[in-house]
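Contents: one structure, followed by commentary.
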Amino acid sequence: MPDSVPADGGDLPEDATIGASLTIGVAVTVPEPFGSAIQDARAALGDPLARAIPTHVTLLPPTEIGAERLPEVRAHLAAVAAAHRPFRMLLHGSGTFRPISPVVFVRVEEGAQECRELEAAIRSGPLARELAFPYHPHVTVAHGLAEEVLDTALVEARAFHAAFAVPSFTLSWFGADAVWRPWRGYALDAR
């Protein structure tokens, strides 16, 4: 398994039990040094979520499932990964979802179509669900902060530039401590 794919996290997250529900998400992890640079920028803006959420491009937003459904979900994610190829991602420039949502983000300039295809495939079968907003691949740099801070984030993020290969996506879980933890990686393997 490539280094960019997290190690096997066991059968269940440490605070999940059979019969319980847990919140999962699926994302493309932004690799180092870019991931830390965005977390540092978020922290400098006073974003309280800066260290609780690894830097990522969401493919499946927070979704609650029963722990007993994990084998079905894992099989589904493995099948999706096997049907898609690795791709290149370019993050550059900034954007915002204001006034609809108080979010400033770095734009996905290259790799957005591949993210859309992965998102649609992942959000099917056992993970089929409605979204609150249309899917738009991005990397959040500020969320829910004062308007003037969001304005600053929008200006500062314009200069951000990162290019990297995307060999996998990651299943993460939301802990009782309100921290997202990468749990299992799925290598994109279509030939």
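Every number here is computed from the coordinates shown, using simple stated rules; none is lab data. Owing to the predicted nature of the structure, the values given are computational and were not obtained by experimental measurement.
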Amide H contacts under 5 Å for PHE160, placed H, 5+ residues apart: GLY93
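Relative contact order for the stretch 28-132: what is it in percent, counting Cα pairs under 8 Å that are at least 6 residues apart?
Details: 87 pairs, mean separation 24.0, N = 105.
Answer for the stretch 28-132 is 23 percent.
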Cα centroid separation, the stretch 118-158 to the stretch 31-95 (Å): 11
Diffusion coefficient, µm² s⁻¹, Stokes-Einstein with Kirkwood Rh over alpha-carbon pairs of the chain at 25 °C and 0.890 mPa s: 144
The chain, helix-only ellipticity at 222 nm - DSSP H runs n ≥ 4, -39,500 (n - 2.57), divided by all residues, nearest 500: -7500 deg cm²/dmol
Gaussian network model of the chain, Cα within-10 Å springs - most flexible of ALA163, ALA132, ALA27: ALA132
